[in-house]
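Notes follow the structure.
Just so it is clear, none of the values below were taken in a lab; they were calculated from the coordinates. Just so you know, these numbers come straight off a predicted model, no measurement behind them. Note that each Cβ is placed from the backbone with ideal geometry, even for glycine, and that neighbours are counted across all protein chains shown.
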Amino acid sequence: MLENIRIVLVNTSHPGNIGAAARAMKNMGLTKLVLVDPNDHPSFEAYSRAAGADDVLGDAVVVKTLAEAVVGCTWVMGTSARERTVQWPMMQPRECAAETMKQAAQAEAAIVFGRERTGLTNEELEQCQALVNIPTNPDFSSLNVASAVQVLSYELRLAALDLSVSTEAESEKIASKHLNDIPATADQVDGMYQHLFKMLEDVEFTGSSNPEIIKRRLKGLFNRAHLTKREVSILRGIYSAAQGRKSARK
Ligand code: SAH
């Protein structure tokens with residue numbers, strides 16, 4: 001199931017960190033590395049820090065945006081060096097690993113790491129269902145990004161070893177689930193958001209002087225719900241109906 005988990009590094013500045021992350025991943029049995037707009041890749045320095053994890057590094061997929069990096073994922077976790085005050089549920093590494101492994105038993109999952117200096121933007125965090133914070137010294141909380149990859153990869157490995165015992169029962173349970181009851185992928189949820197925002201425009205919904213805040217809150221709400229494919233299609237049916245009535249009234 002570790003093969004269903006992507007490690008996503010966003011806009012990494014130092015190629016050495018990309019190499020060190022690849023090594024940390026391979027040590028723990030993870031293989032899928034996705035690089036969002038890396039500053040310098042491929043590079044000699046990354047290969048030298050990968051110290052033999054050349055396959056993970058060489059197979060790394062490079063994309064332009066986080067949205068592209070998480071296409072097909074039904075579970076996306078962000079990482080943060082700080083406790084955020086906003087609406088994302090915060091998890092501890094152990095809980096995050098257990099939940100991610102559970103999701104990875106059914107589909108693809110991703111853990112997203114931010115820029116060395118500034119972490120992840122709010123817009124990127126909005127694409128995550130939950131955030132994980134590694135409890136560090138509050139006076140010196142920020143880990144090197146590859147060290148953070150190491151800690152979470154280790155937790156994923158522990159969770160994988162733990163789960164391998166109960167995997168058979170779990171796969172049977174999943175096989176008996178209807179296809180529509182499995183979680184929606186990040187791109188399906190994003191399509192639903194675009195439809196929702198268009199529908200709100202069409203029905204001339206004005207709930208606030210700042211529509212961006214409403215959008216952020218709605219995303220937070222749906223991200224917490226972890227929608228299934230069926231629920232996404234019900235919501236889109238409702239939006240289409242609302243749009244239809246509005247245009248019929250005009
Ligand atoms: N000032 C930035 C620090 C970025 S550290 C911030 O507050 O977000 C670079 C990346 O390493 C982070 O985006 C995150 O992916 C990871 N990281 C560092 N320390 C972490 C911690 N304590 N818990 C979880 N991830 C951490």
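Can you spot a residue in region 97-106 that is among the aliphatic types (A, V, I, L, M) and within 9 Å of the ligand (Cβ to nearest atom)?
no
For region 96-124, which residues satisfy the criterion of being in a helix (DSSP H, G or I), of a type outside the set (S, T, Y) and surrounded by 15 or more Cβ atoms within 10 Å (Cβ to Cβ)?
Within region 96-124, C96, A97, A98, E99, M101, K102, Q103, A104, E124 qualify.
Could you list all residues from region 107-119 that are within 10 Å of the ligand (Cβ to nearest atom) and under 26 Å from T228 (Cβ atoms)?
Hits for region 107-119 are I111, V112.
Has region 38-45 got any residue that is among the aromatic types (F, W, Y) and in contact with a Leu (Cβ under 7 Å, 6 or more places away or on another chain)?
No, region 38-45 has no match at all.
If a residue must be over 22 Å from F140 (Cβ atoms), surrounded by 24 or more Cβ atoms within 10 Å (Cβ to Cβ) and within 16 Å of the ligand (Cβ to nearest atom), how many such residues does region 66-95 contain?
Residues that pass the stated criteria total 5.
So the check is Cβ under 8 Å with 6+ separation or different chains; which pairs have a first residue in region 116-145 that's under 18 Å from L35 (Cβ atoms) and of a type in the set (D, E, K, R) and a second one that's near the ligand (Cβ under 10 Å from one of its atoms) and outside any loop (DSSP other than H, G, I, E, B)?
E116/N17; E116/V145; E124/V10; E124/G78; E124/V112
Could you check region 132-150 and list, in sequence order, the residues that are more than 8 Å from the ligand (Cβ to nearest atom) and not in a helix (DSSP H, G or I)?
N137, P138, D139, F140
Each row is one residue, and each column tells you yes or no for (1) in contact with a helix residue (DSSP H, G or I) (Cβ under 8 Å, 6 or more places away or on another chain); (2) touching a residue at least 24 places away in the same chain (Cβ under 8 Å).
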position: K198; (1), (2): yes, yes
position: E201; (1), (2): no, no
position: S209; (1), (2): no, no
position: E212; (1), (2): no, no
position: H226; (1), (2): no, yes
